[in-house]
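First the structure, in the form of structure tokens, and then the observations on it.
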Amino acid sequence: MKGTKGYFLFRNGRYWFWVFALLVVLFLICPSATFKTTYSTLLLDREGKMLGARVAKDDQWRFPVADQLPEKYVQALICYEDHYFYFHPGINPVSMMKALIRNLQQGRIISGGSTLTMQVVRLSRNDPPRNVGEKLIEMIIALKTDLVNRKATILKLYAAHAPFGGNVVGVEAASWRYFGVPPDQLSWAESATLAVLPNAPSLIFPGRNRERLLKKRNRLLEKMHREGILDQETFELAISEPVPGYPHPLPQLAPHLLNRAVKEGFGGQRIASAIDLKLQQQTNELVNRYHILFRSNEVNNAAVLLLDTRTGEVIAYTGNTAIEDEQEGGDVDMIMAKRNFGSLLKPFLYAAMLNEGLLLPDMLVSDIPVSFQGYSPNNFDKTFSGMAPAGEALARSLNVPSVILLRNYGINKFNILMKDLGMSTLTHPPEHYGLSIILGGAEGTLWEMTSLYAALGNYLGEYGVDSLSSTYFKGKKIPGSRFYCHRFSPSVVWFTLQALTNPRRPDEEGTIRYYTSLRKIAWKTGTSYGSRDAWAVGVTPAFTVGVWVGNADGEGRPGITGISCAAPLMKDVFGLLPETGWFNEPLDDMVTVKICPKSGHIASGDCPETETRRIMARNTSTRQCPYHKPVHLDLTVTWRVTDRCCSPGEMINTSWFVLPPVQEWFYRQSHPGYQPLPPFLAGCRDEMASQHPIGLIYPYPGTKIYLPRKGDQQRSPAIWKATHRDPGATLYWHLDNRYLAKTTGTHHLEVLAEPGVHVLTLVDDTGESLMVSVEMVGERGR
């Protein structure tokens, strides 16, 4: 008998040994609870506040695991789900035994006795069938999970993956969906509601079964009151709160930035941005307010980008107006859309020529009709000023001087420069864009345009660096977001930004107006061909604001200009920002020279007046003032004379400001104080020295003349125009050595010629001449 009993014990001992060994093996080989799932994408502002969210790939609102949980929710959860959570090793045998007894008494499974750790395991295994085998595996993994994780980590895993009804998973998503607030702002009643919801999410869903949800929540609140978690006053306030109704929409303050984040590979993450939530809201409101005004002209879209000049961080990102109609393009991120940028590159050409010593800040540049290989630019107001100071031409955004300067600088060089500065949208060879690039004959994005201007301000500031990396996510590298301005010296950037503070700007009709501002801003506007795009970019030492206005589908509308549409919105955005000072003048990178105030050149010995000004501390290849000429006048100061007719004692030697004939003709239209050279006294002309008094206004060099036809299909003559320094001079017109006519005073002549290249010769009554090649190409379109 004793032997039989010993054998029985021996066999049972071996049996339990192998059971124990198997459990040990399972414990060692089983992993701890891990989740292989997709998460929603969250965009947070600089303080961690919610800007927007996108559902996970499986269409669930499942937020990434949070760094911490609110204490109210943790206390409510533990009180409801697992009172001994901090004391057991992942399983609670007492709870399981109680659950077993209840199940046996009821004759069915009503409780599993699962701890929070076991629920985490079950959630990680996608809720497998409930049976003894699965329960055993669940317990083993729970023990392993509790062993390798801190209790706080297990709580966070549960809070992130527990079901809360519908497509809401996790306490953070539930907090936003059911209460419209982040978890750390939940009340006791709201925390208790979310603690009980995962227990039966399919039966108790906010908006349905409200009474059942209310009773379940209140039972938990009563328990928390009994256990001393809630005092009497807190309990009474909590139990009086209603349960949630239908789900709230999540914030969508920067939807286009959020979409961009997902597209660039940051989906499923909790993204910390540099956005300022308040400024983002205010910028959105401004854009939508202007949208109401724009819609009267059937202009549907606008975008604003606000950067910190010092760091390149994005402070506000409003990618479009808040319109839901897809046909109106509200879903298009216009900050990243490629559009014609109008005149926005002009400051960089100005800076490049200053930097290479090809230009001085206020040096006169030509503003006359020109044509280069058939390209004939026009100023916005269709007028010409003859000559204009370079800085003023930049501020007034004169097109013709910019095209002339670009031709002098070189299309290839400028294209390379803009790519070096960080512009990525110039994908074609330079000849594809030609000279039109300076007027918007290429495409750019509001992101890059604004960043390029911010880089100018950043380089000039005391915090200046070699490059500026425009970023909207903290600690995340964004491809193609680095912009360089160290190609320019600090003084070059200073003069460029100073020119852009000039308040004298042309309005939408070309009339010069004063656009004053309460703060000093360097700003530039741009308008694309066909009035499709209106731009404005402004820079201060602290902030850079870029604005685009137009239609996402590219439809142009009358009146869409940078000065009338984009600039007011830009200035209102600056009005939201704190006041800042201005850039410190980089005196170490400047030298003092004498400048001719009329020409903007370094003064020559013939300049009667000079001003001491600062310019860039670098070699300049610009000439001394070429426009002041020494002249000899008679004692009445009426006639020019030479030693052929006057003795030195009968002459007055002076200096005269003289422009080339064509520039002079246009310059006099807007400068009534301009004094042309007096004519020579009869018999006093120096026959050996050419005076170059003749200029051809039209056709101007390089242009091709299209001959219109009359109703009877006969070609109509073209009207050619010339000018002469002497208002009373006579000009003799010859075409291909064939005399045409003579003109006196006003030199306009109707000319009819066959298609082809012709030589026009103009001769005045003193023998001075001008010879020009002119091409006639027949009627337009043939």
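Rule-based calculations on the coordinates, nothing more; no lab input. Bear in mind that the values here come from a model prediction, so they are computed numbers and not experimental data. Here Cβ is always computed from backbone atoms with ideal geometry, including for glycine, and neighbour counts include all displayed protein chains.
Quote the relative contact order of region 130-210 in percent (integer), defining contacts as alpha-carbon pairs under 8 Å separated by 6+ residues. Please list the in-between numbers first.
Numbers: 57 pairs, mean separation 18.3, N = 81.
Value for region 130-210: 23 percent.
Could you compute the FRET efficiency for E585 and K215, with r as their C-beta to C-beta distance and R0 at 56 Å, rounded to 0.05? Could you put the intermediate results ahead of the total?
Numbers: r = 73 Å, r/R0 = 1.31.
Taking R0 as 56 Å, the efficiency between E585 and K215 is 0.15.
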*Grab the other residues whose beta carbon is less than 10 angstrom from that of A160, score K and R as +1, D and E as -1, and report the net.*
+1
*Would you mind listing how long region 321-371 runs along its three principal axes, going by Cα atoms, in whole Å with the largest first?*
51, 27, 16
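May I ask you to order 757-765, 226-234 by the average number of other C-beta atoms within 10 Å around their residues, highest value first?
Details: 757-765: 17.0, 226-234: 12.3.
Highest mean packing first, the order is 757-765, 226-234.
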*For K144, list the aspartates and glutamates whose Cα falls under 16 Å from its own Cα; do not include residues on the same chain fewer than 8 positions away.*
E134
*Hey, can you rank 526-534, 568-576 by average C-beta count inside 10 Å, highest first?*
526-534, 568-576
_Percentage, to the nearest whole number, of Cα pairs in region 607-653 over 13 Å apart_ = 68
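What percent do you get for the relative contact order of region 249-403 when only Cα pairs under 8 Å and 6+ apart count? Please report the intermediate quantities before stating the final value.
On the way: 188 pairs, mean separation 25.8, N = 155.
RCO, region 249-403: 17 percent.
Where Rh is the Kirkwood radius over the Cα pairs of the chain, the temperature 20 °C and the viscosity 1.002 mPa s, what D in µm²/s does Stokes-Einstein return? Let's see the in-between values first.
Values: Rh = 32.8 Å.
In µm²/s, the coefficient rounds to 65.
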_Amide H within-cut-off set for L230, under 5 Å, with H built and near neighbours excluded_ = H225
*How large is ³J(HN,Hα), in whole Hz, for each residue of region 529-544 in order, when computed from phi with the Karplus curve 6.51 cos²θ - 1.76 cosθ + 1.60 and θ = phi - 60°, using x for Gly and Pro?*
4, x, 6, 9, 9, 10, 10, 7, 10, x, 10, 10, x, 9, 9, 10
*Given a cut-off of under 8 Å on Cα pairs at least six residues apart, what relative contact order in percent is computed for the chain?*
10
*What angle, in degrees between 0 and 90 and rounded to the nearest 10, separates the Cα long axis of helix 132-148 from the longest principal axis of the Cα atoms of the chain?*
60
*What does the highest-first list of 593-604, 307-318 look like by mean Cβ count within 10 Å?*
307-318, 593-604
*Calculate how steeply helix 2-29 sits against the longest principal axis of the alpha-carbon atoms of the chain, using the helix alpha-carbon long axis, and give the answer as 0 to 90 degrees to the nearest 10.*
10
*asked:* Can you give me the long-range amide H partners of Q269? Hydrogens built in the peptide plane at 1.01 Å from N, cutoff under 5 Å, separation of 5 or more residues or another chain.
replied: L42
*region 624-701 to region 242-318: how many Å between their Cα centroids?*
62
*Measure nothing fancy, just the Cα-based angle from helix 490-499's long axis to the longest principal axis of the chain, in degrees from 0 to 90, nearest 10.*
80
*Approximate shape of region 282-396 as ellipsoid semi-axes (Cα gyration tensor, √5λ), whole Å, largest first*: 36, 20, 13
*Please go through the residue pairs K524/K571; K36/K72; K49/K151; K413/K524 and name each one whose alpha carbons sit more than 19 Å apart in this structure.*
K36/K72; K49/K151; K413/K524
*What Kirkwood hydrodynamic radius, in Å, does region 720-765 give when the mean of 1/r is taken over all pairs of distinct Cα atoms and then inverted?*
11.1
*Roughly how many whole Å is it from the C-alpha centroid of region 353-399 to that of region 483-504?*
18
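Can you tally the net charge around G649? Count Lys and Arg as +1, Asp and Glu as -1, for every other residue whose Cβ sits under 13 Å from the Cβ of G649. The partial results should precede the final answer.
Details: positive: none; negative: D634, D643, E650.
Net of charged neighbours comes to -3.
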*What ³J(HN,Hα) values, in whole Hz, does the Karplus curve 6.51 cos²θ - 1.76 cosθ + 1.60 give for region 421-438 when θ = phi - 60°, with x put for Gly and Pro?*
6, x, 7, 9, 8, 8, 8, 9, x, x, 5, 5, 8, x, 5, 5, 4, 6
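Per DSSP H run of at least 4 residues, take -39500 (n - 2.57); add these up for the chain, divide by its residues and hand me the 222 nm value, nearest 500 deg cm²/dmol. Kindly include the intermediate steps, with their values, before the conclusion.
Working: 21 runs with 244 residues, N = 782.
Calculated at 222 nm, the ellipticity per residue is -9500 deg cm²/dmol.
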_Distribution of pairwise C-alpha distances over region 359-464, 10 Å bins, in %_ = 14, 39, 37, 10, 1
*Distance check, please: which entries in K346/K598; K346/K520; K594/K721; K382/K598; K156/K223 exceed 27 angstrom between their Cα atoms?*
K594/K721
